[in-house]
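Worksheet: one structure, shown below.
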Amino acid sequence: MRKSSAKPIDPPNYGPERAIRRCDVPDCVAEGEFRAPKTRNRLNDYFWFCLEHVREYNKSWNYYADMSEDEVETDIRRSTTWDRPTWPFGAREGQANRSQAYRMKDSFGFFDDDEEEAGDRPRGDARRPKTQTAEAKAVEVMGLEPPLTLERLKRRYKELVKLHHPDANGGDKDAEERLKHINEAYATLRRFFG
């Protein structure tokens, strides 16, 4: 069997022989139990005070002493992010092309169409599908553009009815379906005008 070469560990000394740290205030003989930072720039360098003197020190302590308002504001802003660098949401520091900041692997090509359409739309709309209201769809069916007035709506409705009426198209079923959509759109826009 092999002998251990490790030295025996001394038990901790909990007896009365423990060294007492004195308060750092001159002429104070009390024990310095409470620590307080010496300066704002050296927060890990401490004074040791008794209870009475640490209370006095804390009343007079001002972390922001000798700082201008701008320096205080900068320090507060930096502290909210724990002194870590930040950049705008969705962007990475040093990237030239923001659209390539976060690329995901699209093995099945689900998002290929979205990228082609996104080039035509503003950046905010590229990530979510466009939803249209019933009125917007009705304006599209009627082939109108804003600003929309009741007179323009009536005039356009008459034109479309004459063009797509089944009697004018020899009983064509497609013309009849188009006329149904036109009538629904006209009704929707009439409700919009009240």
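The values are calculated or read from the model by the stated rules, or taken from the named source; none is laboratory data. Keep in mind that this is a model prediction, so the values were computed, not measured. Methodologically, a virtual Cβ is constructed for each residue, glycine included, from the backbone with ideal geometry; neighbour enumeration extends over all protein chains shown.
Quick one: Pro147 ticks every box in (1) modelled with pLDDT of 80 or more; (2) assigned to a helix (DSSP H, G or I) bar one, so which box is it?
Among (1) modelled with pLDDT of 80 or more; (2) assigned to a helix (DSSP H, G or I), the lone unmet condition for Pro147 is (2).
Taking segment 45-79, which residues are of a type outside the set (Asp, Glu), part of a helix (DSSP H, G or I) and either loosely packed, with under 10 Cβ neighbours inside 10 Å or not assigned by TED's automatic domain parsing to the domain that holds Glu31 (or both)?
Lys59, Ser60, Ser79
So how many residues does segment 153-194 have that are surrounded by fewer than 14 Cβ atoms within 10 Å (Cβ to Cβ), more than 48 Å from the chain's Cα centre (by Cα) and not charged (D, E, K, R)?
Total meeting the criteria: 4.
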